[in-house]
1. Could you bin all the Cα-Cα distances of the chain into 20 Å bins starting at 0 and give me the percent of pairs in each, rounded to whole numbers?
2. Using only alpha carbons, build the gyration tensor for segment 158-313 and give me the equivalent ellipsoid semi-axes, biggest first, whole Å.
3. Taking only Cα atoms of segment 112-152, what ratio of Rg to Rh do you get with Rh as the Kirkwood inverse-distance radius?
4. Could you rank the peptides 268-278, 12-22 by their average count of other C-beta atoms within 10 Å per residue, with the highest value first?
5. Computed over the Cα atoms, what is the radius of gyration of segment 166-233 divided by 2.2 N^0.38 Å, N being its residue count?
6. For a footprinting-style exposure proxy, rank 49, 71 by other Cβ within 10 Å, fewest first.
7. Mean separation of Cα pairs under 8 Å and 6+ residues apart, divided by the residue count of the chain: what relative contact order is that in percent?
8. Only bridges whose two residues both fall in the chain count here: according to DSSP, what percent of them are antiparallel, nearest 5?
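Please treat every number below as a calculation from the coordinates, not as lab data. Just so it is clear, the model here is predicted, and its values are computed rather than measured. Cβ: placed from backbone, ideal geometry, glycine included. Neighbour counts: every protein chain shown.
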Ligand code: MG
């Protein structure tokens, strides 16, 4: 392997990508408390909510109230997902300084997910990005189905790279190359990155993995080896997988931080604080969260590697 980075940035997507895909209705005050717990745990980038259609996504209908209620810590980025100009207008009114837009590498996924072709969606985002830049707002971009599509199957890395390059050209400061259905494996990661890195510099690339088939951490390791230093994850593994009911979705932040801690890579995030945050939001859900680390911590053992001492290993 190549030398590992000394520090990695984690983008916490639990309050948005996670809660948006949970069935339970979470009170606005609990969402605010969850975000504040995550920032207290050391998160420096938190995707807080989405300014999307309240009828289509009722879980995010209180985005303005959540942004009004959180305690903004200096140096922490609080991001909102925005699909169009109307969303941007609401985000700006709520004092949001960083938005996220979302496009797909698969044409069929784009049409099924947002009812627009890739070209149509990028035309919408061009307007949004211009307005955001004029308002001094930073834009992050998600690119979904980079490792496979639920409708088309395999997605050509060149196709991923082309759309990633167009998102960067629109003004995004970072493109999160995302494994929407959790099919990526460590052999595939460098193949996709070889193509994407020709269009997007490595320091403007993030990886967003799902653990649906148990490969998320192995994929992170492959990404680290390649030189990527920004990874998305969700506290406790919040969110599930909309394409495989009952299966895991977002990589759990605890599992990621535990591995990075073990590798001596700094994240600035306290595992204990993170576990406390996840337990808090878990108490508002109708099911246990899937994070392996959280499950192990629930067993009452010491939280780290040293807990092996004296247990018979
Ligand atoms: Mg996700």
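1. Taking every Cα pair in the chain, the percentages come to 35, 60, 5, 0.
2. Values: eigenvalues 179, 62, 40 Å².
Its equivalent ellipsoid spans semi-axes of 30, 18, 14 Å.
3. Details: Rg = 12.7 Å, Rh = 11.9 Å.
Rg/Rh for segment 112-152 comes to 1.07.
4. Values: 268-278: 20.4, 12-22: 25.7.
So the peptides 268-278, 12-22, ranked by packing, come out 12-22, 268-278.
5. Values: Rg = 11.3 Å, N = 68, 2.2 N^0.38 = 10.9 Å.
The value comes to 1.04.
6. Numbers: 49 31, 71 10.
Least crowded to most crowded, the residues run 71, 49.
7. Working: 637 pairs, mean separation 62.4, N = 313.
For the chain, the relative contact order is 20 percent.
8. Working: 2 of 34 bridges.
Around 5 percent antiparallel, to the nearest 5.
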